[in-house]
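The values are calculated or read from the model by the stated rules, or taken from the named source; none is laboratory data. Predicted model, so just to flag it, every value in this text is computed and none were measured. Reconstructed Cβ throughout: ideal geometry from the backbone, glycine too, with neighbour counts over all protein chains shown. Areas reflect the complete protein model, heavy atoms only, side chains present, ligands, DNA and RNA absent. Shrake-Rupley method; radii C 1.70, N 1.55, O 1.52, S 1.80 Å.
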Amino acid sequence: ALSQGLIWGIMAIGLYITYKLLDLSDLTVDGSFCTGGAVCVMAMLAGCNVWLAMLLAMIAGMIAGAVTGFFHTKCGIPAILSGILTQLALYSINLRIMGKSMLAVSVDKFNLLVSVREQGISCAVALAFVIAIIAILYWFFGTELGSAVRATGTNSNMSRAQGINTN
């Protein structure tokens, strides 16, 4: 429960950033979290290393977020609707990624980072990921771009007046 809670905590950090810092309701995470999982599992079943599979999953999630951003900033669709559109589209995309394969990834066949059998290692790996992500986010929000993101979430009109590209 602890290792899975840490993994879900990463998603909660993403939700916190969109809801509290950016002040917009983004529901893309509902679909992109599953998309990342589907990409990771299919890459591992195809023989990829677990680290490469996780990198591919992260890139898939980033692409999903970029699609939502494109809908909102370039197409002028409101943020909540952009997230809903991407979320709904990702349900079909996830089924396409998985294909007809609904196989489970077994600990016996694959070197998994988090598994039920190795509780201590799973918690340590998940905790290391959470600490690394928090450190990277702390660093990012201290940079000029991170400050601009925080300012845009607080008051987008004032951010535009200060010359910040709010898109």
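Quick check on Ala128: is it at pLDDT 85 or above, surrounded by fewer than 16 Cβ atoms within 10 Å (Cβ to Cβ) and under 15 Å from Gly5 (Cα atoms)? Criteria met by Ala128. Taking region 73-88 as the range and being open to solvent by less than 50 Å² (accessible area, probe 1.4 Å), aliphatic (A, V, I, L, M) and more than 13 Å from Thr18 (Cβ to Cβ) as the test, only Ile77 passes. Just so you know, in region 37-72 the residues that are more than 22 Å from Trp8 (Cβ to Cβ) and modelled with pLDDT of 90 or more include one that is surrounded by the most Cβ atoms within 10 Å (Cβ to Cβ), and it is Phe71.
Candidates Thr86, Thr73: the one that is under 28 Å from Ala126 (Cβ atoms) and of a type in the set (Val, Ile, Thr) is Thr86.
In region 131-165, which residues are modelled with pLDDT under 80 and among the β-branched types (Val, Ile, Thr)? Residues satisfying the conditions are Val149, Thr152, Thr154, Ile164. Residue count for region 35-59, restricted to those that are touching a residue at least 40 places away in the same chain (Cβ under 8 Å) and under 12 Å from the mean Cα position of the chain (by Cα): 2.
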